[in-house]
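Below is one structure, written out as structure tokens, with a few remarks after it.
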Amino acid sequence: MPLSCNEIKSRALCFSKEWANESSEKAEAKSFWDGFFYIFGITRRRIASFEEPVKKTDGKGGYIDLLWKGTLLVEHKSRGKNLDTAFEQAKEYFPGLKERDLPRYIIVSDFAKFRLYDLDARKQHEFTLLDLYNNVHLFNFVAGYKTHTVKPQDPVNIKAAEHLGLLHDQLKEFGYTGHELEVYLVRLLFCLFSEDTGIFERGQFQNYIENRTAEDGSDLAYHITTLFQVLNTPEHERLKNLDEQISDFPYIDGKLFEETLSTAAFNSKMRQSLLDCCCLDWSLISPAIFGSLFQSVMNKDLRRELGAHYTTEQNILKVIHPLFLDDLLKELKRIKNNKGKLEEFHRRLALMKFFDPACGCGNFLVIAYRELRLLELKILSEIYKKEESSMFLDISTIVLLDVDQFYGIEIEEFPSQIAQVALWMMDHQMNILVSKEFGKYFKRLPLKKSPNIIYGNALQKDWNTFVRPNKYTYILSNPPFVGKQYQSSEQRADMEKIFSSTKGAGILDYVSAWYIRAAQIMLLEPQIRAAFVSTNSITQGEQVAVLWNELI
């Protein structure tokens with residue numbers, strides 16, 4: 001669990017004082033780096049090893065001073081030694097490392113100075129030991145605090161979907177298919193995300209697979225099944241003789257690991273594929289769009305055009321802003337200096353409900369939740385800006401928004417499962433932002449609340465019973481369009497049910513049924529607002545008279 005920023009700075013100051021006069025690499029380097037990881041609340045032996053053997057560029061054997069596979073390589077020298085030489089030596093180890101173990105960061109140090117290289121960003125930072133406390137933010141990747149601006153076509157999202165796609169194909173080839181395969185992959189996705197974002201300990205899932213399973217993959221499925229059971233069991237109910245490495249995993253709940261699945265089967269190649277997935281930085285994945293990319297994983301033809309089959313964030317915001325967000329931002333601006341009104345405004349946000357009756361992988365709901373949590377953070381910052389954050393024993397007492405305010409119906413089972421996990425992922429990313437703002441770590445475990453996502457035909461469901469709307473309910477979606485000539489027999493049956501008494505309804509696009517259902521629920525509560533993405537075929541041409549007379 002990441003420490004607060006204040007605690008990290010305090011530990012960094014103590015570390016600098018303790019090591020101010022050390023100079024001998026051989027005598028104290030290991031203790032120095034154990035102490036360095038302690039600054040961030042990390043036990044070094046859980047994630048990194050000393051004296052890792054490797055072949056260098058000249059073909060000779062060597063030993064890396066410290067290696068955190070896939071993340072960090074450290075080359076340590078005695079005080080006063082040349083750090084440029086140390087950096088060149090560090091790079092000589094790269095050819096001898098597996099692709100998945102190549103680090104993003106290199107640190108070279110001589111006790112008195114640190115030099116940090118970020119190889120992806122092509123940046124380097126140098127500072128003295130005494131100034132470490134002012135530079136601890138550069139080591140957010142150690143602490144578990146990460147920030148990243150995700151673009152819709154960010155390569156990290158594409159790469160993640162491709163890796164999971166390969167694992168999906170391998171499992172399917174061995175006969176593990178259908179519902180169980182989909183649930184299995186959703187659970188693996190949650191585990192991968194969890195170990196890079198502080199839900200699990202850093203590298204906990206990867207280390208368990210690497211250290212406790214056979215290289216031929218023969219026992220991997222058994223270990224994963226056991227892990228799923230452990231994640232679904234409260235700590236006090238677990239077997240007393242469980243291996244410590246697996247009993248250290250937290251209780252998740254949220255019904256994500258509740259269903260009992262058949263045991264899969266792995267070989268060495270599949271084990272390698274899963275470890276390759278582990279080596280991606282899943283904290284950089286955008287829950288707002290990854291769900292749709294992940295859905296494309298299930299179809300090899302769609303996978304060749306990853307990213308082309310989801311509503312872009314830009315278009316989702318075109319729905320969200322005029323529907324509710326613009327008004328909320330204006331109200332915040334108007335009342336931001338009035339603590340009483342801010343608190344009332346905050347409580348009202350917690351009463352709101354957001355319903356997507358064709359939710360797919362949850363893109364609309366996830367982005368709406370993100371924007372609301374960012375709004376909530378602005379409110380909290382205004383309310384408590386003059387008060388000490390230490391007054392909060394538990395940040396959960398001031399965060400009121402949660403995933404159970406979000407509702408969705410999806411006609412395909414797998415996307416409905418992804419939508420639920422994507423909302424949990426976004427919730428955790430927003431909790432990290434709150435943690436940074438108030439200097440105390442906050443995560444919701446076990447998952448006591450869940451998004452209200454169901455699998456079924458939205459046109460055959462009773463929206464009013466499912467959502468039980470109030471005056472703060474918003475309906476938003478990108479329903480399927482489907483012109484009259486392309487509708488399936490099931491879709492035509494839906495249209496006949498919705499438009500049973502409407503003359504000329506046979507010319508209408510399928511999307512028009514969502515407008516009628518929304519209008520019906522808005523009659524029950526006139527303050528409900530709705531917005532759908534649609535083609536202009538329903539606002540011009542022959543459909544206008546039929547649809548809009550009925551709506552009005």
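Some notes on this structure:
- Note on the chain: with neighbouring protein chains present and a 1.4 Å probe, carbon and sulfur make up 48 percent of its accessible heavy-atom surface.
- Pairwise label distance in nanometres, residue 263 with residue 60, each label 7 Å out on the Cα-Cβ vector: 4.9
- Distance between the pseudo-spin-label points of residue 385 and residue 454 (7 Å out from Cα toward the beta carbon): 4.4 nm.
- Theoretical FRET efficiency, 1/(1+(r/R0)^6), r = Cβ-Cβ of residue 226 and residue 485, R0 41 Å, to 0.05: 0.20
- A straight line joining the Cα centroids of region 36-94 and region 349-377 runs 44 Å.
- Loop-located trypsin sites (Lys or Arg not before Pro) in region 497-552 (DSSP state other than H, G, I, E, B) with a sparse environment of at most 14 neighbouring Cβ atoms within 10 Å: 503.
- Proximity of backbone amide H atoms, modeled 1.01 Å from N, is registered between residue 531 and 475, 476, 477 at under 5 Å, excluding neighbours fewer than 5 places apart on the same chain.
- GluC sites (Glu not before Pro) lying in DSSP loop within region 446-552, provided at most 12 other Cβ fall within 10 Å: 542
- Stretchable slack from residue 134 to residue 412, in nm (0.36 nm times residue separation minus alpha-carbon distance): 95.0 nm
- Region 481-525 and region 165-192: distance between their alpha carbon centers, rounded to Å: 36
- Net charge, residue 409 excluded, C-beta distance under 10 Å - Lys, Arg +1, Asp, Glu -1: -1
- Two-site FRET efficiency, residue 121 against residue 497, from Cβ-Cβ distance with R₀ of 51 Å, rounded to 0.05: 0.40
- The chain, relative contact order [Cα under 8 Å, separation at least 6], %: 12
- Per-residue [θ]222 nm for the chain (sum of -39500 (n - 2.57) over DSSP H runs n ≥ 4, rounded to 500): -14000 deg cm²/dmol
- Charge tally in the Cβ shell below 13 Å around residue 516, where Lys, Arg are +1 and Asp, Glu are -1, residue 516 excluded: -2
- Rounded to the nearest 10 degrees, the inclination of helix 413-438 to the longest alpha-carbon principal axis of the chain is 50 degrees.
- The 3J(HN,Hα) values that the Karplus relation (6.51, -1.76, 1.60; θ = phi - 60°) gives for region 370-378 are, in residue order, 4, 5, 5, 5, 5, 5, 4, 5, 4 Hz. Gly and Pro appear as x.
- A straight chain from residue 240 to residue 87 at 0.36 nm per residue would run longer than the Cα-Cα distance by 50.4 nm.
- Per residue, the chain exposes 46 Å² of accessible surface when a 1.4 Å probe is rolled over the protein heavy atoms with every protein chain present.
- Of all aspartates and glutamates in the structure, the ones whose alpha carbon falls short of 17 Å from that of residue 17, not counting any fewer than 8 places away in one chain, are 7, 28, 34, 110, 131.
- A Förster radius of 45 Å combined with the Cβ-Cβ distance from residue 400 to residue 210 puts the calculated FRET efficiency at roughly 0.65.
- Longest DSSP-loop-exposure-free segment, chymotrypsin sites (Phe, Trp or Tyr not before Pro), the chain, at most 15 other Cβ within 10 Å: 175-480
- Net length gained if the chain between residue 38 and residue 548 were fully extended (0.36 nm per residue, minus Cα distance): 177.0 nm
- The chain: C-alpha gyration tensor shape, a/c 1.5 cut-off, then a/b vs b/c: prolate
- The simple spin-label model puts a point 7 Å past each Cα toward its Cβ; for residue 51 and residue 465 those points are separated by 6.9 nm.
- Summing charges over neighbours of residue 100, with a neighbour being any other residue whose Cβ is under 11 Å away from its Cβ, gives -2 when K and R count +1 and D and E count -1.
- When each of 341/378; 330/471; 69/449; 341/443; 385/471; 9/436 is checked by Cα-Cα distance, pairs over 24 Å: 69/449; 341/443; 385/471
The values are calculated or read from the model by the stated rules, or taken from the named source; none is laboratory data. In this text, all values refer to a predicted model and were calculated from it rather than measured experimentally. Cβ coordinates were reconstructed from backbone atoms using ideal geometry, including for glycine residues, and neighbour counts include every protein chain displayed. All accessible areas refer to the heavy atoms of the entire protein, side chains included, with ligands and DNA or RNA removed. Shrake-Rupley method; radii C 1.70, N 1.55, O 1.52, S 1.80 Å.
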